[in-house]
Amino acid sequence: MKKETRFETEVIHSGYDSREYKGSLAPPIFQTSTYVFENARQGERRFCGEEEGYIYTRLGNPTVKMLEDRVAVMEKAEAALAFSSGMAAVSATLIALTKTGDHILCSQGVYGCTFGLLEMMEAKFNITHQFLEMSSREQVEQAIRPETACIYIETPINPTMQLIDLEMVASVAREKRIPVVVDNTFCSPYLQKPLELGCDIVIHSATKYLCGHGDVIAGLVAGKSEWIKEVSMTTQKDIGGVLSPFDAWLLLRGIKTLPVRLDRHCQSAEIIAEKLCAHPFVDEVYYPGLKTHQGYEIMKKQMKKGGGLISFTIKGTKEEAQDFLDRLNLIKIAVSLGDAETLIQHPATMTHAVVPKEAREEMGISDQLIRLSVGLEAWEDIWSDLEEALNGLK
Ligand SMILES: *Cc1c(COP(=O)(O)O)cnc(C)c1O
């Protein structure tokens, strides 16, 4: 039996054994599209599944497999699967779980492109969806229909930072035998492990905290082996959004520092959230680590810390919000998160511009809302940039 190790150790060692690769400390990049069979009959055995082994990189690659194994350990999942983007992971999962006539129950807010995908699935395949606050057991129970194929959740919700009690939703869903899918991008497995809370499938845009360096687009799905195998042989294989070996290698490298990075992201975000609350030109501050936050109790229950993302509203118009962004120097205007650099964006005109105004307002995304991904710079420098730009509001 392997000795139990802690998360901080697993992110560095799991999924890779240097003894299998000529002692190489860093994992090799298997930059190959295909694999040579020893003879024709071996090819036959590999194709019919009689013999384990690689066939073609869309169906599997050793470097990508190392990443998948590591993320499975981190999420406490039986298995994981890597994709070429977070959206490739979201779409492969939703297509695998649904068929025409089905219904998807969603958290009140979702990533802009996930919203776009749900709309497309409804228009083209009659797979309907419904957004729900999921604030109580009864509300979730009542919303489940006979044709509900899965529950799809983001928590914290992008970009309003509301929280959903995963244990509560998972217990309702278990009774009705409906799988619960959680997009865990905002937390990473360091802060939140949905499978431990009873959910069934975890999705990541690995582009964000898992990578951490703003140089890869990637996605991951984790869950039970049987289901992961099915996705790998169906929606992943046949739609084909697989991750390249080099990007898998960059992710293996980035993941090693995930806990160290997130400790700093969270620590700085806590300080900056407090400072934003005290600023006269800031209206509301949405940060799960604040005692005044709607989901503070849920945060204490299911998250290790408050995370690195803060949303807030400024006192002003849409134009003033845009001018505020333009006055920043150190902080970059960009629509990603989880990077070393502090990034800021305006959801109403950027990440959630595809969501019609009415639906956007229902999700709580006003023209005054700003989303900040607190980076790894000294918090004093991040705050000084924000403060100067805020003071320019009047
Ligand atoms: C970025 C993001 C996605 C999409 O991921 P890509 O890697 O950009 O395709 C999905 N969900 C959330 C919460 C995200 O932040």
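Derivation of every value follows stated rules applied to the coordinates shown; laboratory data play no part. Here the structure is a predicted model, which is why all the values come from computation and not from measurement. For neighbour counting, all protein chains shown are included, and Cβ atoms are generated from backbone atoms with ideal geometry for every residue, glycine included.
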**Request:** Name the residue farthest towards the positive end of the dipole of the stretch 312-394 from the options His352, Ile382, Phe324, assuming +1 on Cβ of Lys and Arg, -1 on Cβ of Asp and Glu, about the Cα centre.
**Result:** His352
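Which of the pairs Lys3/Lys65; Lys76/Lys208; Lys76/Lys176; Lys99/Lys229; Lys124/Lys208 have their Cα atoms more than 26 Å apart in this structure? Write out the running numbers ahead of the final one.
Numbers: Lys3/Lys65 22 Å; Lys76/Lys208 20 Å; Lys76/Lys176 23 Å; Lys99/Lys229 19 Å; Lys124/Lys208 30 Å.
Going by Cα-Cα distance, Lys124/Lys208 fall outside the 26 Å limit.
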**Request:** Take the Cα pairs of the stretch 258-391, get the Kirkwood Rh, then feed it into Stokes-Einstein at 25 °C and 0.890 mPa s and tell me D in µm²/s.
**Result:** 163
**222 nm mean residue ellipticity, helices alone, for the chain (DSSP H n ≥ 4; -39,500 (n - 2.57); rounded to 500)** = -11500 deg cm²/dmol
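What is the local net charge at Asp247, summed over the other residues whose Cβ is closer than 15 Å to its Cβ (Lys, Arg +1; Asp, Glu -1)? Numbers along the way, then the final one.
Numbers: positive: Arg58, Lys65, Arg70, Lys208, Arg253; negative: Glu68, Asp215.
Around Asp247, the charge tally is +3.
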**Prompt:** Count the lysine pairs in the stretch 258-391 that are 8 or more places apart or on different chains: how many have C-alpha atoms under 23 angstrom apart?
**Reply:** 16
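In which sequence would Met74, Met161, Met350, Met120 go, from the one with the fewest C-beta neighbours within 10 Å to the one with the most?
On the way: Met74 25, Met161 28, Met350 15, Met120 12.
So the ranking, lowest neighbour count to highest, is Met120, Met350, Met74, Met161.
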**Sparse-neighbour loop sites [trypsin sites (Lys or Arg not before Pro); the stretch 131-183; at most 11 other C-beta within 10 Å; DSSP]** = Arg177
**Asked** How long are the three semi-axes of the equivalent ellipsoid for the chain, computed from the Cα gyration tensor as the root of 5 times each eigenvalue, in whole Å, largest first?
**Response** 36, 26, 19
**Message:** Whole angstrom only: what separates the Cα centroid of the stretch 339-359 from the Cα centroid of the stretch 213-247?
**Reply:** 26
